[in-house]
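Quick notes on the structure that follows.
The values are calculated or read from the model by the stated rules, or taken from the named source; none is laboratory data. Values in this document were obtained by computation on a predicted structure and should not be read as measured data. When we count neighbours, we look across all protein chains shown, and the Cβ atoms used for this are built from the backbone with ideal geometry, even at glycine. Only protein heavy atoms, including side chains, enter the accessible area calculation; ligands, DNA and RNA are left aside. Shrake-Rupley method; radii C 1.70, N 1.55, O 1.52, S 1.80 Å.
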Amino acid sequence: MDCIFCKIANGEIPSEKVFEDELCVAFKDLDPQAPSHILVIPKEHIESAACIDSSNSAVIAHIFEVISSIARDNGFDNGFRVVSNCGESAGQSVMHLHFHILSGRDFAWPPG
Ligand code: AMP
Ligand code: ZN
């Protein structure tokens, strides 16, 4: 399958990894939208948040534990935003589920 994030997960494409375990990888976004911008992906190919079900939701719970720990380790004490764009109108450009962790600036709400 020609999926850029599967290739990052298996090391075929280099990335600046900040965390990795048997279920997920976290790496720096190439085009950061905040002073800190990290992506967390499941190693398993899941297309988007719309494809989460009882067969794969355990990895999502695990990813949120990892997000919490990344936020602690990187001193995101003033706050951070977790975003998962799902589908074309939400701006999803890579069709492998990923969670953006953004920190280091203020964020508008509603997001626009
Ligand atoms: P989205 O638009 O929500 O699908 O997010 C995809 C994100 O992946 C964007 O923020 C891109 O900058 C980022 N991205 C795409 N290719 C790479 C790559 N090879 N390494 C790191 N980040 C990437
Ligand atoms: Zn993939």
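Rg and Dmax of segment 59-112 over Cα atoms: what are they, in angstrom?
Cα only, segment 59-112: 12.4, 33 Å (Rg, Dmax).
Quick one: accessible area per residue over the chain, 1.4 Å probe, rounded to a whole number of Å²?
Details: 6670 Å² over 112 residues.
Computed with neighbouring chains in place, this is 60 Å² per residue.
At a 1.4 Å probe, what is the % contribution of carbon and sulfur to the accessible area of the chain? Write out the running numbers ahead of the final one.
Numbers: 3380 of 6670 Å².
Summing carbon and sulfur atoms, their accessible area is 51 percent of the total for the chain.
From a point 7 Å beyond the Cα of ASP2 in the direction of its Cβ, which residues of segment 93-109 have a backbone N at a distance under 18 Å?
93-96
Per residue of the chain, what 222 nm ellipticity follows from adding -39500 (n - 2.57) for every DSSP H run with n ≥ 4, rounded to the nearest 500?
Working: 2 runs with 23 residues, N = 112.
Here the helix-only value at 222 nm equals -6500 deg cm²/dmol.
For each cysteine in the chain, check whether another cysteine's C-beta sits under 4.7 Å from its C-beta; list those where none does.
Cysteines lacking a close Cβ partner in the chain: CYS24, CYS51, CYS86.
Report the residues of segment 39-62 in range of a label on ILE13: point 7 Å along Cα→C-beta, backbone N strictly under 18 Å from it.
From segment 39-62, the list is 39-49.
Quick one: Kirkwood hydrodynamic radius for the chain, alpha-carbon pairs, angstrom, one decimal?
Working: mean 1/r = 0.0692 Å⁻¹.
Averaging 1/r across every pair of different Cα atoms and inverting gives 14.5 Å.
In debye to the nearest 20, how big a dipole does segment 24-112 give about its Cα centre with +1 on each Lys and Arg Cβ and -1 on each Asp and Glu Cβ?
Around 160 debye, computed over segment 24-112.
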